[in-house]
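Asks: A single structure is presented below for examination.
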Amino acid sequence: MKSHSELHERALELLTIRGIDLDDIADLVLYLQKDYVPGITREDCRKNVEAVLTKREVQNAIITGIELDMLAEEGKVSQPLRDILVNDEGLYGIDEILALSIVNVYGSIGFTNYGYIDKVKPGILQDLNDRSNEQCHTFLDDIVGAIAAAAASRIAHDDPNKSEIMK
């Protein structure tokens, strides 16, 4: 069995291999929280992203999803699943189910954060959904959105009255 630190390192390595910088995810968190937390900075958001990434269930989801994306790209997944993954078919839904294991780490607010960000696809999410290159991001786009949603939820849980300031 791999140690927690080995899982953490592998999850970070896979994100890097797939072109994801933690600041890209922090930007998504900032997008979600800027209207609710006065003075929030990208650095605040990044610290919360880093905290989310210490969770074993998050690491497991990252490793599983990215490995499946890469295997589909390499043609190492049988049909019809390969075509489903490479084309990111809308009715597949398993990619979102995997992402929900990340979203729920900080409670139900993560679910609404995730639904919103998955719908509008700002920042890096728009790039990951661009199918003009050879890479398969069926799982990765949902994983990145889920990490951002969980980090935003972590911020909300840090001070539940922050959203009241804006009213």
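What follows draws every value from the coordinates through simple rules; no lab data is involved. This structure is a prediction, so every number in the text was calculated from the model and none was measured. Every residue, glycine among them, receives a Cβ derived from its backbone with ideal geometry; neighbour counts consider all protein chains shown.
Asks: Would you kindly derive the ³J(HN,Hα) couplings of the range 127-138 from the backbone phi angles with the Karplus curve 6.51 cos²θ - 1.76 cosθ + 1.60 (θ = phi - 60°), listing them in order in whole Hz, with x for Gly and Pro?
Replies: With coefficients 6.51, -1.76 and 1.60, one gets 5, 5, 8, 6, 8, 7, 10, 7, 7, 9, 10, 3 Hz.
Asks: How much length would be gained if the chain were fully extended between R10 and E43, taking 0.36 nm per residue of separation minus their Cα-Cα distance, in nm to one decimal?
Replies: So the extension gain works out to 9.6 nm.
Asks: Then there's this: Sorted from largest to smallest, which semi-axis lengths in Å does the alpha carbon gyration tensor of the chain give for its equivalent ellipsoid, taking the root of 5 times each eigenvalue?
Replies: 28, 17, 14
Asks: Per-residue counts of other Cβ atoms within 10 Å, averaged by peptide: what ranking do you get for 135-144, 38-47, highest first?
Replies: 135-144, 38-47
Asks: Helix 109-120 versus the longest principal axis of the chain: what angle, 0 to 90°, nearest 10, using Cα atoms?
Replies: Rounded to the nearest ten degrees, it is 60.
Asks: By its C-alpha gyration tensor, with a ≥ b ≥ c as the square roots of the eigenvalues, how is the range 1-52 shaped: rounded for a/c under 1.5, else prolate for a/b larger than b/c, else oblate?
Replies: Prolate, since a/c reaches 1.5 and a/b exceeds b/c.
Asks: Over the chain, what is the relative contact order in percent, taking alpha-carbon pairs closer than 8 angstrom and at least six residues apart?
Replies: Dividing the mean separation by the residue count of the chain yields 33 percent.
Asks: Suppose the chain between D130 and E73 were pulled fully straight at 0.36 nm per residue; how much longer would it get relative to their current alpha carbon spacing?
Replies: Extra length available between D130 and E73 comes to 19.0 nm.
Asks: In addition: Order of 148-157, 84-93, 114-123 by packing, highest average Cβ count within 10 Å first?
Replies: Highest mean packing first, the order is 148-157, 114-123, 84-93.
Asks: What's the FRET efficiency of D83 with K121 using the Cβ-Cβ distance as r and R₀ = 25 Å, to the nearest 0.05?
Replies: So, using R0 = 25 Å, E works out to roughly 0.65.
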